[in-house]
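Here the structure is laid out as structure tokens; the discussion comes afterwards.
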Amino acid sequence: GENGALLRVLMSAPMSGEKGDDLVAMVVDPPAVEITEKFGYQQLIVTGILASGHSIDLTHKATYEITDEIVSVTGGMVKTRSDGKTQIRITHGDQSIEIPVAVSGREAVFEPSFIRDVSPVISKAGCNSGSCHGSKEGKNGFKLSLRGYDPIVDVRAFSDDHAARRVNFASVENSLMLLKPTAAVPHEGGQRFEVGSAYYQILHDWIAAGCELDHQVPQVRSIELSPNNPLVQKIGEEQQLRVTALYDDGSSRDVTAEAFISSGDTEIATCSASGLVSTLRRGEAPLLARFEGAYSSTTLTVMGDRSDFSWQDPEIFNPIDDLVADKWKRMKLQSSELCSDAEFLRRVSLDLIGLPPTTEQVNSFLDDEADRGVKRDALIDQLIGSEEYVVHWGNRWADLLQVNGKFL
């Protein structure tokens, strides 16, 4: 959108004559907030543009001022208090920006759907995880489908099993389904949410409505994890993420609070339950988000101090080299010099046939006065066409595919 275009322009614009760490602009995504549900919310992502052209996440550093307190903002998370319209002024240093906010649906009758509203709450509370009631045998006689994949089983477990002892339609507040996760009665899993919280109210209203299961509600088609491929310049800085669910009826909503985001390399970055990523060292960490059976991924890059880096174009021999060089340039890595003929011969032999070269092969290759590229290409063709190549890779694939003489 407009914010994305502005961000690209600012990051590509020359920034001469200014200190590299000076904040010159701010961008907010989304640029306007519209919440139409009683328990809806919106996670903002505030990005600062530095004089160096680099960007920095300011979501948890900026201050938020609200004209009319129909919403509250903590860490960029906008939650509603009443219907109406207002403005949020976001400030950091000498930069500020205002975004409009429109809230509706707070006073409308809330009719929770198990699939759309209740199941995400149960998942976020951890009730249907593999270490809790979602395990193969469940816990203490109470079993749910793993991660909520079978809503019929889950609704029956809540409303039918053990003579429906887990719900109390006459006195909803005394339902075990509410007493256990709020720790009002002993619960091995501890307190999962508080009485009066949004999660509590969603479950309360669903029980009060009769624990219905409606399959006709919009289903999650996919989720989006943003920002895409975030880049953090300094080790120790943080990056807020947002998860948006896209439904099969064309609607969308922010589900950051109910989604799960994990880091594939916790030595480089870790992620909190609210989607805030903390960086620990230079490198790349794959990030995976999941929500109600849908998944999305991106890659976080932590640069670290590369102030002394100077890029020099490496030699390019084929299209793959172009792709590798682009990655090196993005990561601010300079390639090593080309290896010697002796190093190349040993490496390519081990890679292709799993054996070091013989003395005769070494002498022959080193004595060959042909162009370096020509003789190296010829060696690759020779090894790939050899019997040793067939044997080596036949055995490699047999190991990977678990080929067994008795069965295959």
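Think of it as helices only: each DSSP H run of n ≥ 4 in the chain is worth -39500 (n - 2.57), and spread over all residues that comes to -7500 deg cm²/dmol at 222 nm. Can you give the net charge of the other residues whose Cβ lies under 10 Å from the Cβ of PHE317, counting K and R as +1 and D and E as -1? So the surrounding residues net to -3. For region 109-203, the fraction of 1.4 Å probe accessible surface lying on carbon and sulfur atoms is 51 percent.
So what is the relative contact order of region 267-331, in percent, for Cα pairs below 8 Å that sit 6 or more residues apart? Once normalised by length, the contact order is 21 percent. In this structure, the pairs whose alpha-carbon distance is over 32 Å, taken from LYS79/LYS180; LYS61/LYS85; LYS79/LYS136, are LYS79/LYS136. Dipole magnitude for region 329-399: computed about the Cα centre from +1 point charges on Lys and Arg Cβ and -1 point charges on Asp and Glu Cβ, it is near 620 debye. Taking 0.36 nm per residue of separation and subtracting the Cα-Cα distance, full extension of the segment from SER335 to GLN216 would add 37.2 nm.
Applying 0.36 nm per residue to the separation of GLU173 and LEU400 and subtracting their alpha-carbon distance, the gain on full extension is 76.2 nm. Of the options ALA163, ILE56, ILE268, report the single residue whose Cα projects farthest towards the positive end of the charge dipole of the chain (beta-carbon charges: Lys, Arg +1; Asp, Glu -1). Of the options given, the answer is ALA163. For region 168-254, the Cβ-based charge dipole about the Cα centre amounts to some 220 debye (Lys, Arg positive; Asp, Glu negative; other atoms uncharged).
Take every pair of alpha-carbon atoms less than 8 Å apart whose residues are at least six positions apart; their mean separation over the length of the chain yields a relative contact order of 9 percent. The lysines within cross-link reach of LYS327, meaning a Cα-to-Cα straight distance under 30 Å and a gap of 8 or more places when in the same chain, are LYS19, LYS234, LYS375.
Under 15 Å from the Cβ of ALA125, count the other residues' Cβ atoms, weight Lys and Arg +1, Asp and Glu -1, and hand me the total. Each step should come with its number before you reach the end.
Numbers: positive: LYS124, LYS139, ARG147, ARG166, LYS180, ARG192; negative: ASP117, ASP154, GLU188, GLU194, GLU258, GLU292.
Around ALA125, the surrounding residues sum to 0.
Summarising the label geometry, the points placed 7 Å from Cα in the beta-carbon direction at GLU237 and SER310 lie 2.4 nm from one another. Largest GNM mean-square fluctuation across ALA62, ALA183, ALA245, computed for the chain with C-alpha springs under 10 Å, falls on ALA183. Each of PHE317, SER307, SER296 was scored by the projection of its Cα onto the charge dipole of region 294-352, and the greatest displacement toward the positive side belongs to SER296; charges sit on the C-beta of Lys, Arg, Asp and Glu. Out of the total accessible area of region 252-408 (probe 1.4 Å, heavy atoms of protein only), what percent is carbon and sulfur? Result for region 252-408: 52 percent of the exposed heavy-atom area is carbon or sulfur.
Accessible area per residue for the chain is 56 Å², calculated with a 1.4 Å probe on protein heavy atoms, without ligands, DNA or RNA.
Dipole magnitude for the chain: computed about the Cα centre from +1 point charges on Lys and Arg Cβ and -1 point charges on Asp and Glu Cβ, it is near 1420 debye. Modelled this way, with points 7 Å down the Cα-to-C-beta line, the labels at TRP328 and GLU65 are 5.0 nm from one another.
The values are calculated or read from the model by the stated rules, or taken from the named source; none is laboratory data. Owing to the predicted nature of the structure, the values given are computational and were not obtained by experimental measurement. A quick note on method: Cβ atoms are made from the backbone with ideal geometry, for glycine too, and the neighbour counts reach across all protein chains shown. Only protein heavy atoms, including side chains, enter the accessible area calculation; ligands, DNA and RNA are left aside. Shrake-Rupley method; radii C 1.70, N 1.55, O 1.52, S 1.80 Å.
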